[in-house]
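Written below as structure tokens is the structure these notes are about.
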Amino acid sequence: MADEEIKAIFGKVIQIQPLPPIKFLLYFYFDAIRMHDASKKKIPLIVNAAKERESMDISVNGHTDRAGDAKYNYQLSVRRAKQVQKALVKEGINPDIITTTSHGEGNPLIPTADNVVEPKNRRVEVIIR
């Protein structure tokens, strides 16, 4: 089918499709729940994106690198995710629409061997749907 024909038949349906999810990555200092300054500056962008999309579904997923004990890293990733959730709620996001999960050192952005420091894995991913 030609583009014009698709638009003629399905144009109204295409216009009401939801926007695709948008993801933000927030990075943290080693062994800490303190965000890098550049990541802190993304909080207003996340809030604005959620409000513009009238989002009712936000995921906040904590991660760590593989330096240190896996159990400790899981708890650290939980604390990082909760820190971001708290910042979003403070800026006006309804806590009922936020799902917070943690991966610890699992699901790395940059795969590494155990006990390897990798700054890009020390992150929280915020996904707005």
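The values are calculated or read from the model by the stated rules, or taken from the named source; none is laboratory data. Keep in mind the model is a prediction, meaning the values are calculated, not measured. Please note: Cβ atoms are built from the backbone with ideal geometry, for glycine as well, and neighbour counts cover all protein chains shown.
Only residues that are in contact (Cβ under 8 Å) with a residue 60 or more places away in the chain and part of a loop (DSSP other than H, G, I, E, B) were counted in segment 1-41, giving 4.
Among the conditions (1) under 15 Å from the mean Cα position of the chain (by Cα); (2) on the phi < 0 side of the Ramachandran plot, LYS71 misses just one, which is (1). Within segment 32-68, if we keep just the residues that are among the aliphatic types (A, V, I, L, M) and within 11 Å of ARG123 (Cα to Cα), the residue that is nearest to the chain's Cα centre (by Cα) turns out to be VAL60.
Within segment 104-129, the set of residues being of a type in the set (D, E, K, R), loosely packed, with under 14 Cβ neighbours inside 10 Å and in a loop (DSSP other than H, G, I, E, B) comprises ASP114 only. The condition of being surrounded by 13 or more Cβ atoms within 10 Å (Cβ to Cβ), over 26 Å from ASN115 (Cα atoms) and of a type in the set (Lys, Arg) holds for only one of ARG79, ARG53, that being ARG53.
Here segment 7-25 is the region considered, the condition is being among the β-branched types (Val, Ile, Thr) and modelled with pLDDT under 90, and the residue that is surrounded by the most Cβ atoms within 10 Å (Cβ to Cβ) is ILE14. Six or more apart or on different chains, Cβ under 6 Å: which pairs go from a residue in segment 46-64 that's outside any strand (DSSP E or B) to one that's at pLDDT 95 or above and among the acidic types (Asp, Glu)? Could you list them? Cβ pairs passing all conditions: VAL47/GLU91; THR64/GLU105.
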